[in-house]
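Heads up, the thing below is written out as structure tokens.
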Amino acid sequence: MPREKILKILVRNILVGLAVTWLFALGCSNPVAHVPEFPKEGSIGFKSMAGISGQPFYKMIPGDVINVKFTYHPEQDMKASIPIRPDGNITLEGIGSIGAAGLTPEQLAKTIAEKSSTRLKDPEVVVTVVQYAQRKVYVGGEVKTPGIVSIQDKEGMTPLQAIFDRGGFTTTAQVDSVILIRDAASGNPKIGRLNIKQAMEDAVPEQITLLANDVVYVPMTGIGRADEWVRQHIKDLIPWEILSIG
């Protein structure tokens, strides 16, 4: 066999071997293994569902509409209800812009009272939510129909229930490493992994319930990413035309 043809065979085999080795390593890896597990209910760092529908610990979100009343200074009462803007703030006459999203009504009332104390004597403020924003979560990634899921009247919905609401997983879903993103609009989101596979195969109850504006993202498995990579790049990686024989 001519030396040139032998060289082509050798180079081709080396390139194919390297490609297969790299793809095997990629396929066997967990693409989100570095993400810590999301805190379970009752553990440190978990934000409870308590407070939905006006309970004491309810934390307001953009789209909620509130009333602001001054107990001893009724002339300072806001003339109309105030919506929390998409940026999470409200604007009050004589005070300016105040962050409201992420606070309980009591916390916001305390903030307003503190900012009003420079012009009012011992102000006492009461904040009430008069209209709740639509509560929804987003489910994306390796699900059959990514999109919005309403949790308006579904208190206690779990990530798996939301995923099934969007048609369930695709065949390339990394089921044991679903990502939950919470408080994305706050600038300091909480991100963690959920092992949904345990709930599906081992009947382990899910210990996380969804809150408004949560994002549930299902990543692609390493094998799925390798398959996609092969389809998109294998022709560029290996110069088949140059290394073709005969």
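Laboratory data are not the source of any read-out in this text; all were calculated from the coordinates shown. Quick caveat: nothing in here was measured; it's all calculated off a predicted structure. Please note: Cβ atoms are built from the backbone with ideal geometry, for glycine as well, and neighbour counts cover all protein chains shown.
For the reader, a short list of remarks on this structure follows.
- Phi angles of region 109-118 translate, via the Karplus equation with coefficients 6.51, -1.76, 1.60 and θ = phi - 60°, into HN-Hα couplings of 4, 5, 5, 5, 4, 5, 6, 8, 5, 6 Hz per residue; Gly and Pro are given as x.
- Gain upon complete extension [PHE57, GLU75; 0.36 nm per residue less C-alpha separation]: 3.6 nm
- Residue exposure sequence - VAL218, VAL68 - by fewest surrounding Cβ within 10 Å: VAL68, VAL218
- Overall form of region 65-131 per C-alpha gyration tensor (a/c, 1.5; a/b vs b/c): prolate
- Fully extending the segment from ASP153 to MET200, taken as 0.36 nm per residue of separation minus the present Cα-Cα distance, adds 14.5 nm.
- Exposure proxy ranking, count of Cβ atoms within 10 Å, fewest first, for PHE38, PHE57: PHE57, PHE38
- For peptides 168-180, 84-96, sequence by mean Cβ density within 10 Å, most packed first: 168-180, 84-96
- If you plug the beta carbon distance of GLN207 and VAL35 into 1/(1 + (r/R0)^6) with R0 = 22 Å, you get a FRET efficiency near 0.80.
- Student exercise, region 65-131 dipole from Lys, Arg, Asp, Glu Cβ charges, in Debye to nearest 20: 80 debye
- Entries of LYS79/LYS110; LYS136/LYS190; LYS69/LYS110; LYS59/LYS197; LYS59/LYS110 with Cα pairs more than 22 Å apart: LYS59/LYS197
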